[in-house]
1. Run through all the Cα pairs of region 1-118 and give the fraction in each 10 Å bin from 0, expressed as whole percent.
2. Suppose every Lys and Arg Cβ carries +1 and every Asp and Glu Cβ carries -1, with no other charges. What dipole size does region 138-267 come out with about its Cα centre, to the nearest 20 debye?
3. To the nearest 20 debye, what is the magnitude of the charge dipole of the chain about its Cα centre, counting +1 on the Cβ of each Lys and Arg and -1 on the Cβ of each Asp and Glu?
4. As an exercise, take the mean of 1/r over every pair of distinct alpha carbons in region 194-279, invert it, and state the Kirkwood radius in angstroms.
5. What is the ratio of the Cα radius of gyration of the chain to 2.2 N^0.38 Å, where N is its residue count, to two decimals?
6. If I model a spin label as a point 7 Å beyond the Cα along the Cα-Cβ vector, how far apart are those points for SER254 and ASN286 in nm?
7. For the chain, the longest stretch holding no trypsin sites (Lys or Arg not before Pro) located in a DSSP loop with at most 12 other Cβ atoms within 10 Å is which?
8. Any idea what Rg and Dmax come out to for region 136-290 if you just take the C-alpha atoms, in Å?
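The values are calculated or read from the model by the stated rules, or taken from the named source; none is laboratory data. Only a predicted model underlies this, so the values are computations on that prediction, with no experimental measurement involved. With ideal geometry, Cβ positions are generated from the backbone for all residues, glycine too; neighbour counts draw on all protein chains shown. Surface areas here come from the heavy atoms of the whole protein model, side chains and all, with no ligands, DNA or RNA. Shrake-Rupley method; radii C 1.70, N 1.55, O 1.52, S 1.80 Å.
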Amino acid sequence: MIVTYPAGGAADMLARLVAPKMAATLGQPVVIENRGGGAGQIGAAVVARSKPDGYTLMVDGGGYAINPSLFPKLPYDTAKAFTPVGILGVFPLVLVVTPGFEAKSVSDLVQKARSAPGSISYASPGTGSTQHLATEQFLQQAKVQMVHVPYKGGSPAMADVMGGHVPVYVANIGSSLSNMKAGKLRPLAVMASRRSPSLPDVPTLAEAGVANAEAYEWNGMFLPAGVPPAIVVKLTEALKAALDAPEVREKIASVGGEPFTGGAGDVATFIQQQAQRMGKVVRDGNIRPE
């Protein structure tokens, strides 16, 4: 099971959560290998070239749906190189500000940004990251401008927001929930279609007045294209059994994650919708990788 991101992140956590359960169902060990780098491209290229016999799996993230629009050339054709197995978890993103920032609501933030274009900065884990594009989508829908400050990863970005150096950030609910509860970050809105059970008092962006700006981090499991259908079904069922285990569901919920509510046939549709939405943000914002 190749994880396209380094150890310690959400993709790695989910992979290590489901791997033992899948191993028990399949009757053989599942070995995890982290192949991070290139916004997921390095690990994905390995999987794309692997033998389609069902023995090589990939766990990837939102970059899977972003990369085809962001990068002019990839070492594989995303649309043809992989077969989706399932979605491991969906994590709503949250628009947050540093506690001392004067904007107390989304409308306050939009009004302040509109009155002085370019006067507010926002942090992201890097150009082309899910959080970067989620923020750009919010700005495009709200018709305001802010200055992008890209960091090399989510941890330094969040640290600077909590420290008051950059006022605005779109955070993964899983990595930021404890800081929000501790008052180190102030949530303004959840970027989801409904309120998060982890933050029931925080409105959605639509409730706060900015529609059509939903954004999630998500992690999916894939096979190289060409794996026989019977093996795809077997691995899909093994993943579903792992995700249905109470302890797995509880762990994902404890970090703000939500189960994917669609069936096996809805996985490809979900990923395609994410690719279309993020691709539009990239094109409308003329975003290029650094």
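1. 11, 34, 24, 16, 11, 3, 0
2. Rounded to the nearest 20 debye, it is 260 debye.
3. I would put it at about 280 debye.
4. Averaging 1/r across every pair of different Cα atoms and inverting gives 15.4 Å.
5. Rounded to two decimals, the normalised Rg is 0.99.
6. A separation of 4.8 nm, rounded to one decimal place.
7. Segment 195-290 is the longest.
8. Cα radius of gyration and Dmax of region 136-290 are 17.9, 53 Å respectively.
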